[in-house]
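J.: Below you will find the structure I want to go over with you.
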Amino acid sequence: MKRALWFAALLTAGSASSSVSANPYEKQLSNGMRVIVKEDHRAPTAVHMVWYRAGAMDEQDGYSGVAHVLEHMMFKGTSTVKGGEFNRIVAEAGGRDNAFTSLDYTAYFQIVPNTALPRMMELEADRMANLRLTAADFASELKVVMEERRTRTEDNPQGLVYEALNATAYRAHPYRRPIIGWMNDLENMTWQDAHDWYRRWYVPNNAYLLVVGDVDHARVFRDAERTYGRVKARALPVRKPQKEPAQTGVKRVTVKAPAKLPYIAMAWKVPRLKDVEHDREQYALEVLAGVLDGNDAARLSKSLVRSQKLAQSAGAGYDGTVRGEAMFILDGQPAEGRTVAELEAALRAELQRVADEGITADELARIKTQVIAGEVYKRDSMMAQAMEIGRFEASGFSWRDYDKLLEKIRAVTAEEVQAVAKKYFGDDTLTVAVLDPQPIDESQPKKKSAVPVRH
Amino acid sequence: MRILLAALVMALSAAAHAGVKIEHWVAPSGARVYFVETHDLPILDVEVDFSAGSAYDPPGKAGLAGLTANLLDGGAGDLDEEAISARLVDIGARMGGVAESDRAGVTLRTLAWPKERAAALALLQLVLARPTFPEAVVAREKARSIAAIQEADTRPDAISAKRFAAAIYPDHPYGVSATVESVGRLGRDDLAAFHRDHYSARRAVVSIIGDVSRAEAERIAQSLTEALPAGLPEAPLPDVKLPTAATIKVAHPAAQSHIHVGLPAVRRGDPDYFALLVGNYSLGGGGFVSRLMKEVREKRGYAYSVYSYIAPRKLEGPFEMGMQTKREQAGDALKVANDVLAGFIKGGPTEAELAAAKKNLIDGLGLRIDSNAKLLGYLATIGFFNLPLSYLDDFPARVAAVTAKGVREAFARHVKAEHLVTVIVAAD
C-alpha cells in the first residue's frame, strides 16, 4: 500500500454513496465492532473485509514491521482451523483472499460468491480471537517477510528513496519507520512480539467489518452478531499522538543504488483533513494535486515531460485522509542529459506558477468532471467501493461524510488553490530525497545490510 | 500485501456466467465485432485490437509496434496531443493502450451519456484512423523509450524477463525485445508505415460492452473502423522452435536472485488448454494453495513470490515457473522448485488437488466476470483469438471434464524437461 500513499490521487477519493438512500447500512455490535454493508446486486459476488485500526504507525522503535508480520501470521491457523485451511476454503469456494498492511491500518479480505459469505464471516471472526501462533511457523514466515523486504526495498531503488524520505522528513512521528520494518528489527523479532501485537490490537472494538455485494444487509447483520458478536471486547492501549515538531529548515538525503536514471522526491508538510465540514485548505490541496497530476492533461506531464522535455516522468500527490501526518509530494526522473537540480527547479517553478498566476477555469472544471466520472466508474468495481469506504473509515471518518467531502472538493475555487500554493511550499517544511544512480558492478553483491539511509 | 503475483496470467481461466450474452458480427468495414449489452451503469467500454503486436516488428526495428501503439494519440487529424488529452479529460473519458506480442490497440472508457459518448468515440475514431505521428513527438518519445530501456536494463526483474524470452524463443519474434539501438533506428515514417500496413479493418477486432443498444453498437463499430487504412494481409509468424535445455546465469549485484524456468508451451485454442489450466492451478497458479507456494514459501520460507503460469498466444505461448529468493540460497530454492515441477510432470495432480482446482475454477467463474471492465477483457480475448462464442458458457463443462490422466498427458506433451530453460539473474 505504499504507493497508494504516494500518489493518492484525487480520484481515489470517490464517494461511498452517490444516493441519499439508506445504502450503505451500518450497525454496531454490542462489543463495539461496527458493521457496514453496501448492497450492490449487479453480480452474485460478495467482498468481505475486516479492517483493524492498527498499522505500522502504532509500532514502537525496535519493533518496526510487526504489524505486517502479524498480518502474515494470521494465515497460520487457529485453535480449530489448521494453517493454510482458510486459504483452502476460500479457494474451493471459487474465491480469492489476501490482506494488506499500511501505516494506519491492517485489513483482510475475501472476494467470494455470495453464498460463501457466512462461512467467511465465521472464519474471519475465528481468527480475530483464536489465532494459534507457533514459534516454528513464525520463524519460517519471518524469512518470507525478509524476502518481501528484499523485493520491495533492498533491490528497488525507488523503494529505498521512499524509505529514506520518510525517515528523514519525520523525527518524532512514527511515519518515519517503514511499514515492512527495518531489516535489523525483522532479524530480531520474536514470536512473542507478534503475539503481543495480536493481543493488543486484534479486538472487535478496534475493528470494523465491510461487506459490499449482492447481499441482504439484515442477514449480514444477523450473521455478524452470530460470529463477530461473540468476540469479547478488551480495552485498547493508549495511543500517544507523537506529533511531529515543526520543521524549521530544508532536509536533504541521498540514496545510492544500482540504477540508470536519477530520481527525486520532494515532500512538504501540509495539513491533513480533520473536519470534513469546516476544513477548506485540504480540499484546495487535493485540487492542486489534481491540477498538477490528476489527469492526462495535467500540468506536470504536459509542461515538464511533453513541452520542456526536461523529465522522463513527473508526478504529484497529496493524501489528506490519514491518521497521522500529511505531506504533499512532487517527484520525477530527469530526462536523459538533464539533472536532478534542473528537475527540482522545474518542479518548484510549477508550484510558483500556481502561486503567482493561479489556475484556469478550465483546469478547475476538469477536476470536477473527473470527480463525477470517477464516481460513475467506481461503481463497476465492488472492491473499489469497499476500499474507498475502508480507507476513509481508517482515518477516523464516517462513510456518511463521503458525499460531503466530494461536494467540498467540487466547491473549491481557483483562489483557494492559489492561496494554498502560496502558503505551504516554503523550504522550511521541505524534505528532498534523491536517488544517485550507481553503475552495476557485477562482481560486487550488495552487502547484506546496505540500507543507505542518511539523515 | 501478502502476494505480489496479482496477475498470474491465468488470463482465460474463467468462467461462464449465466446471462452473459455475447453478440458477434462482422462490420461492413470487415472488422470483427463482439458485443455485450448491459444497462446497469451509464458506462461504455470499447477496445479495438489489431494483429499489430511486437511479433510484427520488422527485423532490426524491435520496439516499432509498441511505439506506434503508444503514439496513436500523439496527434491525429487536425488535433495535436494536447488537444486530444484535453478533450478526453473534459468529458471524463479515459484512453489506454494495449501492446502485447500478438496484438496492439486502444481501450476507451467513457460515460454513456450522449454528449460524452459521442465526443469520446469521435476521438477514438480519429486516433485509430488518422494518427499523424508528428516528428517532434516521435523524437521525444523515442528518447523516453530509450531511457526506459536503459533503466530497465539495470533492474534484475526486467533483465531476467528479457533474457528468459530471448532464451526460450531463439530466432523468433517472441524472443526479441526493444533495445537502445533498435529504437534508435526508428523514424516517424516507420511508425506511419507500420500503422498503414497493420491497422486495417480486416485485422481489427472491436469489443464493446455497456449502455448502448445493438443497433448503436453496430454504428459505433462501423464508424470506428470504416476509415482505417487498407493495410496488408496478415503475414503468418514463423514457427516456434523449442529450445534446448540450458541454464543461463547473469551477474548482477541484487540481494535476490531472479529465477525463471520454462519453455514455449501452448497456443490459444489448443485442445490441451483446459488440462494445462487445471493442472497449473495445482502446480503454481492457485496462489496460496499451490504446491510451489506450499513447498517453497510456506514450508521453507525461501520466497515471498513463487508461481507458475501458462500464457497461451497465437503461437506457442510460455509456460513459466518463477521466484525471487536471497541469492545465497538460490541453489537450494531452485532445487525445491524443480523437484516440485518434476514431480508434478511425472505424477500429475492428486485426486484431491484436481477436485480443488476444478472447484476454484468453476465456482469462481462469476467473480471473474462480475464487472464490465473484466468482461471486456474476455470479449477482446475471445474475439482476437477466435475462441468459440460459447467459451464462457462451455467453461465449467470443459474444466469439469479434465482428468488427472489428462493433466499428466498434457504436461508430458507441452512441458518437456529436455526443452526447459533456466535463467538466473544475480546468481552466485
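J.: Measuring from centroid to centroid over Cα atoms, what is the spacing of region B:393-413 and region A:360-426 in Å?
T.: Region B:393-413 and region A:360-426 have Cα centres separated by 48 Å.
J.: Based on DSSP loop calls and a cut-off of at most 15 other Cβ atoms within 10 Å, the longest stretch of chain A free of exposed GluC sites (Glu not before Pro) is what?
T.: Excluding the exposed sites themselves, the longest stretch runs over A:1-276.
J.: Towards the positive end of the charge dipole of region A:259-370, with charges on Cβ (+1 Lys, Arg; -1 Asp, Glu), say which of A:Ala297, A:Ser307, A:Met327 has the farthest Cα.
T.: Positive-end residue among those listed: A:Ser307.
J.: Okay, next question. Mind checking the dipole of the protein assembly as shown: about its Cα centre, +1 per Lys or Arg Cβ, -1 per Asp or Glu Cβ, Debye to the nearest 20?
T.: It works out to roughly 1700 debye.
J.: Would you mind estimating how fast chain A diffuses translationally, via Stokes-Einstein at 20 °C and 1.002 mPa s with the Kirkwood radius over Cα pairs, in µm²/s?
T.: This corresponds to a translational diffusion coefficient of 92 µm²/s.
J.: What Rg and what Dmax come out for region A:109-177 when only alpha-carbon atoms are used, in angstroms?
T.: 18.3, 49
J.: Kindly write out, for region A:176-188 in residue order, the coupling ³J(HN,Hα) from the Karplus curve 6.51 cos²θ - 1.76 cosθ + 1.60 (θ = phi - 60°), rounded to whole Hz, with x marking Gly and Pro.
T.: 6, 8, x, 4, 5, x, 5, 4, 5, 5, 5, 4, 9
J.: Can you put A:Arg280, B:Arg117, A:Arg176 in order of Cβ neighbours within 10 angstrom, beginning with the fewest?
T.: Starting with the residue having the fewest Cβ neighbours, the order is A:Arg280, A:Arg176, B:Arg117.
J.: Can you grab the distance from the C-alpha centre of region B:149-227 to the C-alpha centre of region A:289-335, Å, no decimals?
T.: 28
J.: Assuming a strict under-15 Å limit between Cα atoms, what lysine pair count do you get for region B:246-425 once near-sequence pairs (fewer than 8 apart, same chain) are dropped?
T.: So the count of such lysine pairs works out to 6.
J.: Right, another one. Fully extended, how many nm does the chain gain between B:Arg214 and B:Glu351 (0.36 nm per residue separation, minus their Cα-Cα distance)?
T.: Stretched fully, the B:Arg214-B:Glu351 segment lengthens by 44.8 nm.
J.: Using Stokes-Einstein with the Kirkwood hydrodynamic radius over Cα pairs, what translational diffusion coefficient do you get for the protein assembly as shown at 10 °C and a viscosity of 1.306 mPa s, in µm²/s rounded to a whole number?
T.: Estimated via Stokes-Einstein, D reaches 56 µm²/s.
J.: Arrange the following residues from fewest to most other Cβ atoms within 10 Å of their Cβ: B:Arg109, B:Arg103.
T.: So the ranking, lowest neighbour count to highest, is B:Arg109, B:Arg103.
J.: Run the Debye formula on the Cα coordinates of region B:246-425, all scatterers equal and no solvent, and tell me log10 I(q)/I(0) at q = 0.13 1/Å.
T.: -0.69
J.: Could you give the C-alpha radius of gyration of region B:344-428 expressed as a fraction of 2.2 N^0.38 Å, taking N as the number of residues it contains?
T.: 1.42
J.: While we're on this one: For region B:274-346, what is the charge dipole size about the Cα centre, in debye to the nearest 20, if Lys and Arg each add +1 at the Cβ and Asp and Glu each add -1 at the Cβ?
T.: Approximately 60 debye in magnitude.
J.: Can you pull the Kirkwood radius for region A:315-455, inverse mean 1/r over Cα pairs, to one decimal in Å?
T.: When all Cα pairs of region A:315-455 are included, the Kirkwood radius is 19.0 Å.
J.: What ranking do B:His39, A:His278 get, fewest neighbouring Cβ atoms within 10 angstrom at the top?
T.: A:His278, B:His39
J.: Only four residue types carry charge here, +1 at the Cβ of Lys and Arg and -1 at the Cβ of Asp and Glu. Report the dipole size of region B:20-225 about the Cα centre in Debye, rounded to the nearest 20.
T.: With only Lys, Arg, Asp and Glu charged at Cβ, the dipole is about 240 debye.
J.: For region B:20-225, build the charge dipole from Cβ charges (+1 Lys, Arg; -1 Asp, Glu) around the Cα centre, then report which of B:Ala221, B:Ala118, B:Pro59 sits farthest towards its positive end.
T.: Positive-end residue among those listed: B:Pro59.
J.: Based on a Kirkwood Rh over C-alpha pairs, give the Stokes-Einstein translational diffusion coefficient of region B:254-307 at 10 °C and viscosity 1.306 mPa s in µm²/s.
T.: Rounded, D is 126 µm²/s.
J.: May I pose another question? Treating each Cα of region B:20-225 as an identical point scatterer and ignoring solvent, apply the Debye formula and state log10 I(q)/I(0) at q = 0.15, 0.18 Å⁻¹.
T.: Those come out to -0.96, -1.21, one per q.
J.: I'd like to know which of B:Val33, B:Ser145, B:Val106 lies farthest towards the positive end of the charge dipole of region B:20-225, counting +1 on Cβ of Lys and Arg and -1 on Cβ of Asp and Glu.
T.: B:Val33
J.: Using each residue's phi in region A:35-48, evaluate 6.51 cos²θ - 1.76 cosθ + 1.60 at θ = phi - 60° and report the 3J(HN,Hα) Karplus result to the nearest Hz, with x for Gly and Pro.
T.: Once θ is set to phi - 60°, the couplings for region A:35-48 become 10, 10, 10, 10, 7, 8, 9, 5, 8, x, 10, 10, 9, 10 Hz.
Quick note: the coordinates plus some simple rules give every number you see, no bench work behind them. A quick note: this is a predicted structure, and the numbers were derived from the prediction, not measured. Backbone-built Cβ (ideal geometry, glycine too); neighbour counts: all protein chains shown.
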